[in-house]
Amino acid sequence: MALFSFFVSLCLLLPSSLAIYQPASLTFSSTEGGLRLGGTGSGPTIVIDGQDWSGVTRAGNDLASDFGLVTGTKGKVVTAPIGLSNTPVIIAGTIGKSLLIDGLISSGKLDVSVIKGKWESFSSQLVSNPVEGVPSALVLAGSDKRGTIFALYDISEQIGVSPWYWWADVPPKKKTEIYAMNIKKTQGPPSVKYRGIFLNDEAPALSNWVNANYGKYDSRFYAKVFELLLRLRANYLWPAMWSAKFYVDDTKSGPLADEYGIVMGTSHTEPLARADKEKVKPWDWKSNQSGLKKYMQDGISRAKNWETLWTMGMRGDGDTSSPTLDASTLLSVIQYQQSILKSGLGVSDLSNVPQMWCVYKEVGGYYQKGMDIPKDITILWSDDNSGNVQRLPVPSEVSRPGNAGVYYHFDYVGDPRNYKWINTIQLSKTWQQMYLTHQKNATQIWIVNVGDLKPLEIPISHFLDMAYDISKFSTADSTDPWLKAWASREFGAEVADTTAEAMATYGKLIIRRKYELLNMSPFMLSTVNYDEAENVLSEWDALLKETQKVYDSLDSTTQIPFFEMVLHPIMAGGIVQRVYINAARNAAYAKQKRMSTNVLAADVKAAYAQDSVVQKRYHSLLNGKWNHMMDQIHFGYNNWQDPSSNTMPSVQTIGTTAPSTGIMGVSVQNSAASTPGDAAPALSAIDPYTPENRTIDIYARGSGTVDFTVTPNAAYIRVTPSSGTITYPSGTSDIRATISVDWSAVPSGSSKVDIAIKPSKGNAVTLSLPVNNLAVPSDFKGYVESNGAIAMEMRHFTSRTPGSNGANVDVIPNYGRTDSGLTLMPITAGTQTTSTGPKAQYAFYAFSSSSSAKVSVYVPPSFNVNPSSPLKYAISLDDGPITTVNPTPSSTLGSMPSGWSESVINGARIVTSTLGKVEPGKHVLNLWLLEPGTVVHRLVVDLGGVKSSYLGPPESSKVGY
């Protein structure tokens, strides 16, 4: 665990601090015992010993400039504390590299015992009379190079300079006064030792942008990336590799990374600091061993003087498996690599030389067969490329000296389809997977594939903040508070709540299916049952409306980053959703001969055209600063790979000749029928607990105009509107009438009401509405069945009981496709039993009886990270038999479990169990989560009335809450 010691109380986490979850050591008004560091007309002098690391001096110069961005007056960096009596002073330095810091330690003025010898740690405090002529100074002492650099950037973030000030154009927060408080702050080491990103799948967007601005992936480009990483308290990078060669394209890049303080690595397919595009041919250990050995030796020779995390092993050429490698041969490769590392680095022991072996794709099969990897090498486990970690350390692996880590994905090229356009990451899912990763002791390396970098600012920040200090993310509800803190830093506290809510909602909407998968057949959303397609479109429209309000409330400079990170993904993503949803509705309406078929065809074309408008808006920001960043194709996929161009889904138009029955057509919820013509459908039954409105669509099926009236034969039924006019093409072609009920006047029990719809010309239609006036007991608390279905969201349990060992089932807000998740906490609780483990209870009241009731349990497409202790839950009805379920099929490393593709595409795996006989009355559904890492995000009980849909029935009504 990371050690974050603060010699002050929790009041350090003051609202004045603009740094996310970093304890405040600064304030923006005069404070007792404090030191004014800068403000209007003055900036600090930052003293950094000339013998310190050059990266520390560079970060000091960034801090000096940052004061200018915030106050209008820059600071300055000097190497000696001379002539400083009339200026605020910051002394920054690295223990053992700075004579100033070491002198303060030896004189007893500075105590660094808590951080000395620790990894990337620092202390910050005011010191009286640190040097002659300086009555007080803020002293930043780092345990090592990056410890000092992080201390300097900690000040930058606190005064109001976001790490994303350049990459996302977040404006500095202006201040007139900046004071250091008279406290001691000690921070570090980080929770994960090596924390970084992988620039991958970087064409066309990032590569086009780099070529336009730098000509190639050169040191000027990487300087911007290095600075961003350090400001985000990261330290590790896998550079772009599709068409780039980091060390070759610009010979300045390697030494510059080391100067900045960035640990360089290479991807799972690029051994020993060599780029994929440098590979020798043939890339085969069996037939070209001499060529490959020289290739690897040259990589060590080139990077040996710089801080490098060495990638071990090898795979086939082009990110594929090698036909001539097996577990034994690969182990021989690694043994050779370790031998040349020793000779190349001049060491006899590699225990202090960071190395990693990535268990990716087919490599997992080698490990599964018993490959005994040297214990000083970090095993880098991988997710499935879609955010689901496949394997984590099991008890026998926890004590390995090389430890373990995870290679994660926010972007991917491959099966089932590429996803690399814009942000499609649900942060609550990232929390669940990465918190599990940490608690399972994979803490040496966290590296995430971020594609083009630019569209993934939010998930990158979240991932790296977790890696830096996991203690701030130790509860299942930690994601939303982080989002609020992030929004406050970037856009201001006034809009933090609404911005956080918008992005949490966006996460639920996009986890349902990524944009590139929306055109898969059959279309995911039902255009018939539960008004699902229209409701989802309404969710996107409502989200855009609220987000636009926030955008409109901001000043013009803050609108730019808000557009880039929040409004654009919601606006652009909503357009893609609208195109596909309305294309599906267009096809459904064509079968009903609705004239609105043609209206929807026009809407799809207009929305598709709007996609280009929004892209151009993004590209025109700041005189084209980010031109090309949205070049990625995102319409028209028909396999895993990008299509050659965006293609609008097909739509159809229909003729305007009305049928012989007249212009008016009628349809109802949960039926595709159109009458007159089809048999008049019965409306789905309504009762006091029906969660959705009952509606009737009245529409034109040809050119012309017709008036209509809607008349129920019972006074307690009201239809709004009760009359109207439909016209095509020059007027309103569709009118939706909503049914309401005066339940106080409805006879008890079940009855039927006829609703007559009479046109001024043409055939009339009579619909039948079943009405069930039912009531639950007054003391009942829980869900109520309607029409044979009970849909439950996880946070609305009736009760929960902790386990005997203190374990509990905790809610993950804004998790999954509709509302929330439930997971077992703490992770360290281990495997549970139904007799002693925690459980949640979901009470429901049934009006129907069923001899074969079923429950569908919605779970994420997770993996059994410990094959010997697979994910597991148990479920029972009332006091009936308990059914224990392993929701994820077993699989071997290097292969996916059955149903994986479907579950990843759908963002859920749905597992159905039999409950048996259910009689009318009160019932309790009991749910146990028996293995850490198990998450459930929805329960649907089917008493015979659940209809086919993608998301399932809307949440059932609740009483007593």
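Key figures for this structure:
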| read-out | value |
| --- | --- |
| Other-chain or far-sequence residues with amide H under 5 Å of Trp310's (modelled H) | Gln355, Met356 |
| Hull volume in cubic angstrom per residue (convex hull over the Cα atoms of the stretch 306-423) | 139 |
| Debye, to nearest 20: dipole size of the stretch 512-623, +1 on Lys, Arg Cβ, -1 on Asp, Glu Cβ | 480 |
| Proportion of all alpha-carbon pairs of the stretch 664-773 beyond 22 Å (%) | 29 |
| Magnitude of the charge dipole, the chain, Cβ model with Lys/Arg +1 and Asp/Glu -1, debye to 20 | 580 |
| Cα-based shape type of the stretch 388-502, given that a ≥ b ≥ c are square roots of the gyration tensor eigenvalues and the cut on a/c is 1.5 | oblate |
| Label point distance in nm, Glu539-Ser856, each placed 7 Å from Cα along Cα→Cβ | 1.4 |
| The stretch 512-623: C-alpha gyration tensor shape, a/c 1.5 cut-off, then a/b vs b/c | prolate |
| Separation between Cα centres of the stretch 823-875 and the stretch 276-322, rounded to whole Å | 46 |
| Radius of gyration, Dmax [the stretch 477-534; alpha carbons; angstrom] | 15.8, 44 |
| Efficiency of FRET from Cβ geometry, Ser107 and Asp555, R₀ 56 Å, rounded to 0.05 | 0.70 |
| Centre separation in Å (Cα based) which lies between the stretch 399-450 and the stretch 76-130 | 37 |
| Dipole magnitude of the stretch 854-961, debye to nearest 20 (Cβ charges: Lys/Arg +1, Asp/Glu -1, about Cα centre) | 120 |
| Nonlocal amide H pairs with Val47, under 5 Å, H built at 1.01 Å | Val78, Ile90, Ile91, Ala92 |
| Debye log10 I(q)/I(0) at q = 0.15, 0.18, 0.23 Å⁻¹ for the stretch 842-957, Cα point scatterers | -0.71, -0.96, -1.36 |
| Relative exposure of Arg233, Arg489, judged by other C-beta atoms within 10 Å (fewest first) | Arg489, Arg233 |
| 4 °C / 1.567 mPa s Stokes-Einstein diffusion coefficient of the stretch 10-187, Kirkwood radius on C-alpha pairs, µm²/s | 82 |
| Packing-based exposure ordering (other Cβ within 10 Å, fewest first) of Lys279, Lys185, Lys76 | Lys76, Lys279, Lys185 |
| Lysines with Cα under 16 Å of Lys922, excluding same-chain neighbours fewer than 8 positions away | Lys781, Lys958 |
| Translational diffusion of the stretch 194-475, µm² s⁻¹ [Kirkwood Rh, Cα pairs; Stokes-Einstein; 37 °C; 0.692 mPa s] | 172 |
| Rounded to whole Hz, the Karplus (6.51, -1.76, 1.60) HN-Hα couplings of the stretch 702-718, x for glycine and proline | x, 6, x, 9, 8, 8, 8, 10, 10, 10, x, 9, 9, 5, 7, 9, 10 |
| Cα principal axis extents for the stretch 366-433, largest first, Å | 39, 24, 16 |
| Amide N proximity, the stretch 193-222 versus His619 label position 7 Å along Cα-to-Cβ, cut-off under 16 Å | 203-213 |
| Ascending count of other beta-carbon atoms within 10 Å, so fewest first, for Asp383, Asp452, Asp555 | Asp555, Asp383, Asp452 |
| Rg to Rh quotient for the stretch 17-106, alpha carbon positions, Kirkwood Rh | 0.97 |
| Members of Lys420/Lys514; Lys76/Lys193; Lys97/Lys342; Lys294/Lys369; Lys74/Lys174 lying beyond 20 Å, as alpha-carbon distances in this model show | Lys76/Lys193; Lys97/Lys342; Lys294/Lys369 |
| For the stretch 906-961 versus the stretch 584-627, the gap between their alpha-carbon centres in whole angstrom | 36 |
| Convex hull (Cα only) mean projected area of the stretch 699-762, reported in nm² to one decimal | 4.7 |
| In order through the stretch 32-45: 3J(HN,Hα) via Karplus (6.51 cos²θ - 1.76 cosθ + 1.60), integer Hz, x for Gly, Pro | 4, x, x, 10, 6, 8, x, x, 4, x, 8, x, x, 9 |
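Values quoted throughout were computed directly from the atomic coordinates according to the rules given, and no laboratory measurement underlies them. As the structure is a computational prediction, the values presented were derived from the model and not from experiment. Don't worry about glycine lacking a Cβ; one is built from the backbone with ideal geometry, like all the others, and counts go over all protein chains shown.
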